[in-house]
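Read-outs: derived from the displayed coordinates by stated rules, not from any lab. Everything numeric here is computed off the predicted structure, so don't read it as measured data. Quick reminder, even Gly has a Cβ in these numbers, built from the backbone with ideal geometry, and neighbours come from all protein chains shown.
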Amino acid sequence: MVMKVICVKKTDTLKGNVTIQGSKNTVLPIMAATLLGSGVSVIYNCPMIEDVAVMCQLLECLKAKITMENHTLTIDTRNVQYAALPCSLTSKLRSSVLLLGPMLARWKKVELGVPGGCAIGLRPIDIHLQGFRKMNVDIDVQGDVVTGSTYYLQGGVIQLRFPSVGATENLIMTAVVAKGRTILRGVAKEPEIIELCNYLISMGALIEGVGTDILTIKGTGQLSSCDYCNTYDRIVAGTYLLAAVAIPSDIRLYGIDDIGYMKNIIHIVSDMGINVIKRDNYLSVQSFGKVSGGSFRTGIYPDFPTDLLPILITVLMQAEQVSRIEETIFENRLSIIRELAKLGATFDVLDRVVQTRCNYRLCGNTLVATDLRQGAALVIAGMMSEGKSFVTNTRYIARGYEDIVKDLQKLGANIEYV
Ligand code: UD1
C-alpha cells in the first residue's frame, strides 16, 4: 500500500456539507458476531476502512465468503471452517480479539495471535480471559498466541473489574450461546454495545438489561444469520464537530439520524459556545472560532470519549482561556502533545492531565501520525497553523476514516494528498 502524505494549509473558515461514514467500532463486533449464525448476513452502511479490510481477511481465513460493494458488506458463514488465526494478521487490529468469543461459540476452541491496534496504552486482555474462564473455557496467552478450549460453554455470574468495551462484547457473544443463564455485572454501556445487543437479539439471542450495567443473558445455542444497518460513526462526527471549536464554521453533518449517541459530545461543544442544532436529516454546526476553555475529563460512556481526547486538546489551543484536560482510560493518549510541540505549542503536563496555555501562534511543520485519532488531530492542527503542514504515516488515519481529506475538502479546508 502506498502511504500518502497529507498536505494541509491554514484554513480560516469551514463551510459545506459532509456525510458521516458508518461506525467503525460498531461494525467490527457485528462482523465477528456473524460467526454465530450459519447463513448470509448483509451489513449496510459499512465504512470502507483498513480495520474493516483486516477483519474481512481474518474471517476469510475461516473460509467465510465476503463481498463489499458500495458500503454493503455481505458475509456468508455457511461453510466456515476452523483455523488458527496468525499473529501477522491479528496484530494489525485490536478488534481481532473479538473473534475469541464467536470462535469458542462455534468450534469450542480458538488459537489466535495476540491483538494489535493503536499504541495508545498497554491494552491487556485479562478481563476477557477471566470472563471466559468463568464460562468454563481453559484459556491462556503464551508468547504471542491466545489458546482456548472448552467441552461446553457454561453460563455464570461474571463481575467485570472494569467496564471494558471489548471484554463486554466478547462475553456477550459467548453467553448468548452458552448453556444456562449468564449475568454480566459492571459491563460497558457504550452505544456500540447497545447496537451489538440489538443485533444479537434480532439473531434470536435472549438479552435483558440492554443499555444498563447488568446484562442477563439466556443461552440459546446457535443463532440465525441476520442483516444489519450500521449507525453513523460518532467519533468521526465528533472530529468534524470539534474542528468548529478552533475554526469559524458553518457546516452540516449528514447521516446523523439520531443524536442520542452523541449527546455527551454535543453538550460539551455547546457549552463552549458552538451552535449545534439537529435538523431533519443533518446536524447544523455554527461557530465563530473563538470559544471559552474549561475543564474536561474523558471517561466511560456517557462521559467524554477518550478517542476524541487528542482532537479536544488540539482545538482547545484556540480557546480564549486556559483549559485543563484529563485522560482516564489510556495512558498514551497524551502523546499528541509531542507532535503539537513541533508547531510551536507548549503545555503543562502532570501525569495524565494536560493544561493548555493561551495565545498560541502555530507554525506549520511535518507531523508524524502514530495512531488513528492522534493522526486526525494532527490534520486539524495543520488547519490551525500558519503556512503548510505535512502529516505522514497516514495509514493510521486510514484505519478509521474512509477519506478524511475528501471530507475536509467538502467542508472547504485547504487540504490534499501529495
Ligand atoms: C474500545 C474502542 C476504542 C475506545 C475504547 C474505550 C473499539 C474497536 N475500540 O477499545 O476506540 O477508545 O473502547 O472506549 O471498539 N483493559 C484492561 N484489561 C482488559 C481490557 C481492557 O486492563 O482485558 C483496560 C485497557 O487497557 C484500557 C481500558 O481497560 O485502559 C479500556 O479498554 P477497553 O474498553 O477494553 O477498550 P477497547 O475495547 O480495546
Based on the mean of other beta carbon atoms within 10 Å per residue, what is the order of 284-297, 29-42, most packed first? 29-42, 284-297
Karplus couplings for region 347-360 from phi (6.51 cos²θ - 1.76 cosθ + 1.60, θ = phi - 60°), rounded to Hz, Gly and Pro as x? 9, 9, 10, 9, 6, 9, 10, 10, 10, 7, 9, 10, 6, 5
Hits for the chain under the membrane-span-like helix rule (DSSP H, Cα axial span at least 24 Å, Kyte-Doolittle mean at least -1.0) are none
Cross-link list LYS263/LYS406; LYS24/LYS189; LYS4/LYS406; LYS10/LYS410: which exceed 23 angstrom alpha carbon to alpha carbon? LYS263/LYS406
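Which value at 222 nm does the chain reach when only helices count, each DSSP H run of 4 or more adding -39,500 (n - 2.57), with the total divided by all residues and rounded to the nearest 500 deg cm²/dmol? Can you show the working numbers first?
On the way: 14 runs with 124 residues, N = 418.
Roughly -8500 deg cm²/dmol at 222 nm, from the helical runs in the chain.
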Report the Cα centroid-to-centroid distance between region 40-98 and region 269-318 in angstrom, as an integer. 33 Å
Looking at region 310-418, which GluC sites (Glu not before Pro) are DSSP coil and have at most 16 other C-beta atoms within 10 Å of their C-beta? GLU320, GLU331
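As a footprinting exposure proxy, order VAL176, VAL8, VAL210 by other Cβ within 10 Å, with the fewest listed first.
On the way: VAL176 30, VAL8 26, VAL210 16.
Least crowded to most crowded, the residues run VAL210, VAL8, VAL176.
Quick one: compute the contact order of the chain, relative version, from alpha carbon pairs under 8 angstrom and 6+ residues apart, as a percent. Working shown, then result.
Values: 986 pairs, mean separation 87.7, N = 418.
Across the chain, relative contact order equals 21 percent.
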Cα centroid separation - region 122-174 against region 359-406, whole Å: 36 Å
What is the Å³ per residue value for the convex hull set by the Cα atoms of the chain? 125 Å³
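Quote the relative contact order of region 27-229 in percent (integer), defining contacts as alpha-carbon pairs under 8 Å separated by 6+ residues. Write down the numbers at each step before the final one.
Details: 447 pairs, mean separation 42.6, N = 203.
Relative contact order of region 27-229: 21 percent.
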